[in-house]
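The values are calculated or read from the model by the stated rules, or taken from the named source; none is laboratory data. Just so we're clear, the structure is a prediction, and the values are computed from it rather than from any experiment. Neighbour counts are summed over all protein chains in view; Cβ atoms, including those assigned to glycine, are modelled from backbone coordinates with ideal geometry. Accessible surface is based on the protein model in full, side chains and every heavy atom, while ligands, DNA and RNA are left aside. Shrake-Rupley method; radii C 1.70, N 1.55, O 1.52, S 1.80 Å.
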Amino acid sequence: MLVFFEFQIEKIVKFCREQYPIEACGLLGGKIENGVKIVKSVYFARNIAQSESRFDIEAKEQYEIIKKMRAKNEVLLGNFHSHPKTPARPSAEDRELMLDPNLVYVIFSLKDNPPTFKGFKVSRGEVSEEEITVKKVDYKTLKSGGIMRQTEDGYFAVRLKITGGNLSIEQLKGLEEVASRYGNGTLHLTARQGVEIPYIHIADLEEVIEKLKSYGLELGACGPRVRTVTACQGRSICPNGCIETQELAREIAARYYGQTLPHKFKFGITGCANNCLKAEENDLGIKGVCRPLWLKDNCTACGLCTKICPVNAITLNQQEISVDYEVCIGCGDCVKACPFEAYKGEYGYSLSFGGSFGRKINIGKKLIPFISSKEKMFTIFDKTLEFYRKEGKTGERFYKTLERVGFAKLEQYLREGERENGGN
Ligand code: SF4
Ligand code: SF4
Ligand code: SF4
């Protein structure tokens, strides 16, 4: 059996029509799996006979094509030629050229509209028909599963789910193996901490997915759903970190990744006010923050914290410190700087909603400046996605929904959710 993909047939038919009334010709390269010949590349050639009833490919051109096939680890599967005005069956001259029992000879007839095609093989001098299967390519379904069509027909960039930008050395080895064996030996690191493996041929996709699975690597999500969760290093590695970003990224991914929504939806987690991960660029941005709680008994009124605060949120008046939490950005500098431990740092999360850094840039709005309970935060996430599903129109980004219905409506929805869950 010989397997074509639909776009290859379209390309061949187009070429045959362009060559009309001369016979078009070319070679077919690909791979053989369990006796099935799968076409990966179609190589067009010049018919040096320039005839309407026969074709011939110059030896030098054949050699150049075979070299290209070898470079792509392909084998010669057969050839094709057109019959501009006659049916798709071998002429006496064709039969004389069908000599190799390992090859499939495909004839495209332009006599009918749409054109027809048939495959032939030869065994002990006898020519018989070879079965041809044409596979459709469902680009939309492939894209939703993280397999993105490239400019070059038949090739895809395979996107992986890399939560929080973290990969093990074993997984890196797996990526190296897949990219060298099936791709072009390169990887692309995406803007959102992801990895894409380009130049994967449609014919190799199933094998590639299995291989990736064996290294614990899953495909990424595209389209209108919750995308890869991004995160900085966070508290366990970065001394500035206020929260465990990586652990949180895994929890969010486990709970929401791939869920269908009106449009794509991105969670981004940054460990502190330094905002290395740019939380506000995300549909839902999470930032680790520190809320300073003043301990009067320890304070000597030295005034250092008022000078250190980057946003002038601290005032010292008659031995009394007051922190303006509306202004405070939760950097925790005052807590670290106070020589007398006159601040206790309370660590938690600050949430922003409706960020987007695509065609239109929108900075996420801070609706929840401080929340210390992770459990409560997950309730807010649940409610936010529920709200978006309910209020968002198909194809509408979250910030657009918020612009249309108003941020106040989301705030109210979240408050009601909090009440339902016993909050106050
Ligand atoms: S955002 Fe903060 S915790 Fe995260 S890497 Fe940057 S400095 Fe470290
Ligand atoms: S740095 Fe510490 S001791 Fe000095 S004023 Fe601030 S809280 Fe008080
Ligand atoms: S946490 Fe940072 S922003 Fe807030 S009061 Fe302290 S120094 Fe100022």
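Residues in region 262-270: is at least one within 16 Å of ligand 3 (Cβ to nearest atom), surrounded by 18 or more Cβ atoms within 10 Å (Cβ to Cβ), touching a residue at least 24 places away in the same chain (Cβ under 8 Å) and among the basic types (Lys, Arg)? Please lay out each step first, then the result.
We begin by selecting, within region 262-270, every residue within 16 Å of ligand 3 (Cβ to nearest atom); these are 270.
Keeping just the survivors that are surrounded by 18 or more Cβ atoms within 10 Å (Cβ to Cβ) gives 270.
From the residues that got through so far, the ones that are touching a residue at least 24 places away in the same chain (Cβ under 8 Å) too are 270.
Retained after the next criterion (residues that are among the basic types (Lys, Arg)): none.
No, there is no match, as no residue in region 262-270 is within 16 Å of ligand 3 (Cβ to nearest atom), surrounded by 18 or more Cβ atoms within 10 Å (Cβ to Cβ), touching a residue at least 24 places away in the same chain (Cβ under 8 Å) and among the basic types (Lys, Arg).
Report, by residue number, each residue of region 158-199 that is of a type in the set (S, T, N, Q), outside any loop (DSSP other than H, G, I, E, B) and under 19 Å from ILE269 (Cβ atoms).
THR163
Check region 213-222 and report whether any residue there is surrounded by 19 or more Cβ atoms within 10 Å (Cβ to Cβ), at pLDDT 95 or above and closer than 30 Å to GLU6 by Cβ.
So far as region 213-222 goes, yes, one or more of its residues are surrounded by 19 or more Cβ atoms within 10 Å (Cβ to Cβ), at pLDDT 95 or above and closer than 30 Å to GLU6 by Cβ.
Which members of region 319-358 meet the condition of being away from ligand 1 (no atom under 16 Å from the Cβ), small (Gly, Ala, Ser) and within 40 Å of the chain's Cα centre (by Cα)?
GLY354, SER356, GLY358
For region 315-411, give me every one of the strands (runs of 3 or more DSSP E) that falls completely inside it and has 2 or more residues that are within 16 Å of ligand 2 (Cβ to nearest atom) and open to solvent by less than 60 Å² (accessible area, probe 1.4 Å).
320-323, 343-353
Which of (1) under 30 Å from GLU396 (Cβ atoms); (2) β-branched (Val, Ile, Thr); (3) open to solvent by 20 Å² or more (accessible area, probe 1.4 Å); (4) within 16 Å of ligand 1 (Cβ to nearest atom) is the odd one out, the single condition VAL229 does not satisfy?
VAL229 satisfies all of (1) under 30 Å from GLU396 (Cβ atoms); (2) β-branched (Val, Ile, Thr); (3) open to solvent by 20 Å² or more (accessible area, probe 1.4 Å); (4) within 16 Å of ligand 1 (Cβ to nearest atom) except (3).
Among the listed residues LYS121, LYS161, which satisfies the condition of being open to solvent by less than 80 Å² (accessible area, probe 1.4 Å), without any contact (Cβ under 8 Å) to a residue 24 or more places away in the chain and among the basic types (Lys, Arg)?
Step by step, each of LYS121, LYS161 is checked, and only LYS121 is open to solvent by less than 80 Å² (accessible area, probe 1.4 Å), without any contact (Cβ under 8 Å) to a residue 24 or more places away in the chain and among the basic types (Lys, Arg).
What are the residue pairs meeting all of these: first residue in region 295-312, first residue closer than 10 Å to PRO339 by Cβ and in a loop (DSSP other than H, G, I, E, B), second residue among the hydrophobic types (A, V, I, L, M, F, W, C) and open to solvent by 50 Å² or more (accessible area, probe 1.4 Å), Cβ atoms under 8 Å, and 6 or more apart or on different chains?
Matching pairs, first to second residue: THR300/PHE340; CYS302/PHE340.
What number of residues within region 271-310 are of a type in the set (A, V, I, L, M) and either more than 12 Å from ligand 3 (Cβ to nearest atom) or open to solvent by less than 20 Å² (accessible area, probe 1.4 Å) (or both)?
Total meeting the criteria: 7.
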